[in-house]
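Chemist: Input: one structure, supplied below.
The values are calculated or read from the model by the stated rules, or taken from the named source; none is laboratory data. None of the values given here were measured: they were computed from a predicted structure. Glycine gets a Cβ as well: all are built from the backbone with ideal geometry, and neighbour counts include every protein chain shown.
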Amino acid sequence: MTSNPNHQGLLERIRTKKAKIGVIGLGYVGLPLAVEFARHGFDVCGFDVDEAKASQINAGQSYIPDVSQADLGEVVKAGRLRATTRMDELAGMDVVDICVPTPLRKTKDPDLSYVVRAVEAVAASLTRGQLIILESTTYPGTTDEVVQPMLESHGLKADADFFLSFSPERVDPGNRKFNTRNIPKVVGGVGPASTEAAAALYASTVDTVVQVTSTRVAEMVKLLENTFRAVNIGMVNELALMCHKMDIDVWEVIDAAKTKPFGFMPFYPGPGLGGHCIPIDPYYLSWKARQNGFECRFIELAGAVNSAMPDYVVERVAEALNTVRKSINGSRVHLIGVAYKKDVNDMRESPALDVLELLAKRGAQVTYSDPYVPELRHGGHVLTSVDLPAALATRPDCAVICTDHAVFDYDALLTTDTLLVDTRNALKNRQSSRIFRL
Ligand SMILES: NC(=O)c1ccc[n+]([C@@H]2O[C@H](COP(=O)([O-])OP(=O)(O)OC[C@H]3O[C@@H](n4cnc5c(N)ncnc54)[C@H](O)[C@@H]3O)[C@@H](O)[C@H]2O)c1
């Protein structure tokens, strides 16, 4: 048992669920986490700069597909979750979990401005015995090089007066099998007391907690996971290009390869990377590595291959149109699905936006169907989603399946004479000379 009264008191408040938990940033990561803490009996306050989000939560309305109306409504009604934009209320929290965005600048350098602003608010009211946890994905060293000095600037010492940990968020929006509760949670503190406190907190809400020896290891774990995905997707995208040249169906190759029961894991080609994680996080790592005199060649190469995929998709559209003596210029091209992945409404970094831009630049008239994305604003384009059957009835020259949402009727596509460019193998096992697979 610890002899530090700050630590002892915190562990006791966590054990008895009397700890008040503040979650800063109520987006795809923060809101599910806040609801999970509240469902486990903690008194939770969400903090966001966006007033609309705070009011929606207080009215029991969920704006994140993975958080059900019923779950949110229940904890709000029970008085265990509320939201505010008033950062001075952070002073009353025992635990503060930071889940704000970590985007890239145009130069592909990390933009830590959201983290810095959130930590400034925490530092302004830091009190003894508080546990601060950073969940935003970031480069190794952020917690001890950036966050810790800011928090210690008023005189309190980390791992003694207050506690500081990093715990990467692994939520996979739209995944019905794995959620905040059953995804193992990795935690690493700036010292043993911090690791112990964060581990105790998560152990009371998630099934499995994995402790590591430092915040840097915990930060690196997340970047390894996402870099692993980015590099493997890059490799399989290159394989798709190669197979096309060799007249081999890459999808059939992957399906057969994945029957190997060990040593292989399937990754699939597609129109490019999307979302707030895979296209961005590896650059946090390569930036930090460069500061240490190390070039991450795999990350750069995968980035180059993956970011060229929208161009390749447009080339395939040109190839499809060419078979009926048409050009992209003047053709009507309909995009099927524009969200960055199946069955979600998230448009961040969606490769469909690049496909749209490239097609429009080459003179195509572009329309789209996506029930999850009623309106699309990108660059100078403002488009409204058209119901897929209605869009097909107008007989577009070519349709491009960018996102394979489960709600689409793929068989209906084959009853038209529209050319079909399928970037996701959504038309698997269907045969037609009008299908052009990636
Ligand atoms: N979305 C995912 O699937 C996912 C998965 C794992 C990790 N992450 C990481 O989690 C972090 C958050 O991502 P997200 O997808 O939840 O982002 P998001 O944009 O959905 O939500 C972030 C929220 O933070 C709020 N915010 C910004 N600055 C703030 C401030 N200073 N104070 C209070 N609130 C502030 C925004 O208004 C927004 O509501 C990022 O680092 C991301 O890389 C995301």
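Table: residues versus (1) small (G, A, S); (2) crowded, with 24+ Cβ neighbours inside 10 Å; (3) free of Cβ contacts under 8 Å to residues at least 40 places away in the same chain.
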site	(1), (2), (3)
R229	no, no, no
E238	no, no, no
C243	no, no, yes
V253	no, no, yes
P261	no, no, yes
P266	no, no, yes
L273	no, yes, no
S286	yes, no, yes
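Chemist: Which residues, counting only those in the stretch 158-174, are touching a residue at least 12 places away in the same chain (Cβ under 8 Å) and within 12 Å of the ligand (Cβ to nearest atom)?
Modeler: If the condition is that a residue be touching a residue at least 12 places away in the same chain (Cβ under 8 Å) and within 12 Å of the ligand (Cβ to nearest atom), then F166, S167, P168, E169, R170, V171, P173, G174 are the ones that fit.
Chemist: Moving on to the next point. Got a number for residues in the stretch 19-40 being in contact with a Lys or Arg (Cβ under 6 Å, 6 or more places away or on another chain), within 15 Å of the ligand (Cβ to nearest atom) and over 14 Å from E169 (Cα atoms)?
Modeler: Here the count works out to 0.
Chemist: I want to confirm something. Restricting to the stretch 228-267 and keeping residues that are among the aromatic types (F, W, Y) and within 18 Å of the chain's Cα centre (by Cα), which single residue is farthest from P351 (Cα to Cα)?
Modeler: In this case the residue turns out to be F228.
Chemist: Name every residue in the stretch 143-179 that is in a loop (DSSP other than H, G, I, E, B), surrounded by 20 or more Cβ atoms within 10 Å (Cβ to Cβ) and small (G, A, S), in order of residue number.
Modeler: S167
Chemist: Next question. Are there any pairs, at least 6 apart or on different chains, whose C-beta atoms fall under 8 Å, with the first in the stretch 92-104 and more than 25 Å from E12 (Cα to Cα) and the second more than 11 Å from the ligand (Cβ to nearest atom), and if so, which?
Modeler: Listed pairs, sorted by first residue: L104/Y283.
Chemist: Can you tell which of L376, L353 is part of a helix (DSSP H, G or I) and either in contact with a helix residue (DSSP H, G or I) (Cβ under 7 Å, 6 or more places away or on another chain) or within 23 Å of G174 (Cβ to Cβ) (or both)?
Modeler: Going through L376, L353 in turn, the sole match is L353.
Chemist: Any idea which residue in the stretch 180-208 is surrounded by the fewest Cβ atoms within 10 Å (Cβ to Cβ), counting only those that are modelled with pLDDT under 95 and in contact with an Asp or Glu (Cβ under 7 Å, 6 or more places away or on another chain)?
Modeler: Restricting to residues being modelled with pLDDT under 95 and in contact with an Asp or Glu (Cβ under 7 Å, 6 or more places away or on another chain), the top hit is N182.
Residues are listed down the side, and each one gets a yes or a no for (1) within 10 Å of the ligand (Cβ to nearest atom); (2) not charged (D, E, K, R):
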| residue | (1), (2) |
| --- | --- |
| H7 | no, yes |
| L10 | no, yes |
| K17 | no, no |
| F42 | no, yes |
| N58 | no, yes |
| D88 | no, no |
| G92 | no, yes |
| C99 | yes, yes |
| R105 | no, no |
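Chemist: Now, a different point. Taking the criterion of being within 16 Å of the ligand (Cβ to nearest atom), farther than 18 Å from T423 by Cα and among the β-branched types (V, I, T), would at least one residue in the stretch 277-291 satisfy it?
Modeler: Checking the stretch 277-291: at least one residue is within 16 Å of the ligand (Cβ to nearest atom), farther than 18 Å from T423 by Cα and among the β-branched types (V, I, T).
Chemist: Something else now. For the stretch 284-336, what are the residues that are at positive phi and acidic (D, E)?
Modeler: None - no residue of the stretch 284-336 is at positive phi and acidic (D, E), so the list stays empty.
Chemist: Another question about this same structure. Only residues that are buried (at least 19 other Cβ atoms within 10 Å of the Cβ) and either of a type in the set (K, R) or in a loop (DSSP other than H, G, I, E, B) (or both): list them for the stretch 130-142, please.
Modeler: If we filter the stretch 130-142 for residues that are buried (at least 19 other Cβ atoms within 10 Å of the Cβ), which is where we start, we get 130-140, 142.
Selection gives Q130, E135, S136, T137, T138, Y139, P140.
Chemist: Which members of the stretch 107-129 meet the condition of being away from the ligand (no atom under 11 Å from the Cβ) and more than 14 Å from V147 (Cα to Cα)? I'd like the intermediate steps shown before the answer.
Modeler: Of the stretch 107-129, the ones away from the ligand (no atom under 11 Å from the Cβ) are 107-109, 123-129.
The answer is T107, K108, D109, S125, T127, R128, G129.
Chemist: Let me ask something else. Name the single residue, out of those in the stretch 401-438 being charged (D, E, K, R) and closer than 17 Å to L388 by Cβ, that is farthest from the chain's Cα centre (by Cα).
Modeler: Among those residues, the one meeting the criterion is D417.
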